[in-house]
Amino acid sequence: MPLHVPPSPAPALRSILSALGSPTAVREAPAAALRIHQGPLSPDHPLPVHVWDDVSQAGPPRTRLAGWRFLIRGGERAVAAAEARLTADGWTFSHFCDGPYVAATERALQQAESLTAPYQPRLLSVPELYMLTLWLHHDLTADGAQGMPAAGDLLVPLAPAPPGIASYLPQRVADLLPRLTLRLGPTPLLREPA
């Protein structure tokens, strides 16, 4: 079943296209794969990036929109990602990045395409666990910039995932949430040597 990708804000896309059109921005990007790629580059798969700041807080997850991430396609595959952020002056290009989450996002999106139910893809960052997930939201008509993870939504942890969390295994929010909060349980106190 195809994914229903929410439309990105037009100014966010324009800011990414402008950065890709700037030889200086591309040449000075920290993403080595972007700098060495030969041939045209294009933004693909716009995904709203939500951040879940306090996993240990009781109750349903509370998230906030942090930006829009675009995979940057160079030929047949994604070679980097670019992010746009909302500022007081509107949407603006934030940065290019590469690393394992680029290929992991592409792989998780391909995997999600084969699910039987339709979903709206988003990214959910969990900074406390150094974790990024593909969030498959059940409401196809929802504004991608708004909403909270629902119990029946799926989260697909991207590689590298924290120890004990399986990468690429779709899990319902209601099932994964207790495991995440458990990982952030109280740290045992260290005793001074006698």
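The values are calculated or read from the model by the stated rules, or taken from the named source; none is laboratory data. On a predicted model such as this, the values are computed, not experimentally measured, just so you know. Cβ coordinates were reconstructed from backbone atoms using ideal geometry, including for glycine residues, and neighbour counts include every protein chain displayed. Remember, those area values only see protein heavy atoms, side chains included, never the ligands or the DNA or RNA. Shrake-Rupley method; radii C 1.70, N 1.55, O 1.52, S 1.80 Å.
Angle check, please: helix 10-20 long axis (alpha carbons) against the longest principal axis of the chain (alpha carbons), in degrees 0 to 90, nearest 10.
In the chain, helix 10-20 runs at an angle near 70 degrees to the longest axis.
For a quick check of understanding: with a 1.4 angstrom probe and all protein chains in place, what accessible area in square angstrom does Tyr119 have, to the nearest ten?
Result for Tyr119: roughly 30 Å² accessible.
What's the angle, to the nearest 10 degrees (0 to 90), between helix 100-113's Cα axis and the longest principal axis of the chain?
90 degrees
Angle between the Cα long axis of helix 173-183 and the longest principal axis of the chain, 0 to 90 degrees, nearest 10?
The angle comes out at about 70 degrees.
In the neighborhood of Trp52, defined by Cβ-to-Cβ distances under 12 Å, what is the net charge if each Lys or Arg adds +1 and each Asp or Glu adds -1?
0
May I ask for the distance between the Cα centers of region 99-137 and region 1-47, given as a whole number of Å?
Value for the Cα centre distance between the two parts: 18 Å.
For the chain, list log₁₀ I(q)/I(0) at each q in 0.08, 0.11 Å⁻¹, using the Debye formula over Cα point scatterers of equal strength and ignoring solvent, two decimals each.
-0.28, -0.52
Taking only C-alpha pairs under 8 Å that are 6+ residues apart, what is the relative contact order of the chain in percent?
The normalised contact order for the chain reaches 21 percent.
Just to confirm, what accessible area per residue do you get for region 96-160 at 1.4 Å probe, in whole Å²?
That works out to 39 Å² per residue.
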